[in-house]
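Engineer: This is the structure, below, for whatever I ask next.
Values quoted throughout were computed directly from the atomic coordinates according to the rules given, and no laboratory measurement underlies them. Quick caveat, the model's predicted, so the values are computed rather than measured. Cβ sites come from the backbone with ideal geometry, for glycine too, and all protein chains shown count toward neighbours.
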Amino acid sequence: MAALAHSLAPWFGRAVRGLEALQPLALLLARLYVAQAFFLSGLTKLRDWDTTLALFTDEYHVPLLPPAWAAVAGTAGEVVLPALLGLGLGGRFAALGLSVVNVVAVISLAEIAPAALQQHLLWGTLLLWVVLWGPGRWSADACWAARLSS
């Protein structure tokens with residue numbers, strides 16, 4: 001058994017290094033995927049503000065905020081935070097902020113379709129990746145950190 005483990009160790013090490021090399025790409029794709037979904041939602045709200053206000057008044061029941069304030073805060077969060085997330089600028093902050101928007105979106109709906117809930121869970125998981133591991137090497141945060149250290 002020890003001989004098998006010894007012979008597999010180099011292969012395992014190469015496999016781990018190969019997977020770790022994919023981490024910046026995975027984090028970039030996760031950031032862009034979630035950012036696009038929220039940004040497009042924010043643009044939809046901006047395009048028809050009267051409908052947005054009506055939705056926040058009648059359908060979305062955001063706790064603790066009056067509907068007009070919730071509409072402004074939610075729309076601002078869906079426009080500004082995805083831009084930051086996509087760039088990886090303040091990546092953890094943007095991911096945390098979008099996590100709040102994501103959770104509020106789920107709890108503010110009286111009924112949510114199972115497919116929609118699954119989508120929100122996926123977004124939440126991808127945002128958690130960015131919160132835990134940062135936006136990755138391919139981000140404005142990493143570029144900024146490299147400049148500060150040199």
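Engineer: If you line up the long axis of helix 67-87 against the longest principal axis of the chain, both from Cα atoms, how many degrees apart are they, to the nearest 10?
Structural biologist: 30 degrees
Engineer: Using r as the Cβ-Cβ distance of W133 and V80, and R0 as 25 Å, what FRET efficiency do you calculate, to the nearest 0.05?
Structural biologist: The pair W133/V80 has a calculated efficiency of 0.65.
Engineer: What is the Cα convex hull volume of segment 74-150 when expressed per residue in Å³?
Structural biologist: 79 Å³
Engineer: For T44 and L29, compute 0.36 nm times the residue count separating them, minus their Cα-Cα distance, and round to one decimal in nm.
Structural biologist: Length difference between fully extended and current span is 3.1 nm.
Engineer: How high is the FRET efficiency from V106 to A21, r the C-beta distance, R0 41 Å, rounded to 0.05?
Structural biologist: It comes to 0.75.
Engineer: Another question, then. About its Cα centre, how strong a charge dipole does segment 25-150 have in debye, to the nearest 20, once Lys and Arg get +1 and Asp and Glu get -1 at the Cβ?
Structural biologist: Dipole size: approximately 620 debye.
Engineer: I would also like to ask the following. Around D141, under 15 Å between beta carbons, what's the net of Lys plus Arg minus Asp minus Glu among the other residues?
Structural biologist: Local charge sum for D141: +4.
Engineer: With everything on Cα atoms, drop me the angle between helix 91-108 and the longest principal axis of the chain, reported from 0 to 90° to the nearest 10.
Structural biologist: Result, in degrees: 50.
Engineer: Would you mind classifying segment 25-94 by shape? Square roots of the alpha carbon gyration tensor eigenvalues, ordered a ≥ b ≥ c; an a/c under 1.5 is rounded, otherwise it is prolate if a/b is larger than b/c and oblate if not.
Structural biologist: Cα axes put segment 25-94 in the prolate bin.
Engineer: How much of the calculated P(r) for the chain lies past 21 Å, in percent of all Cα pairs?
Structural biologist: 53 percent
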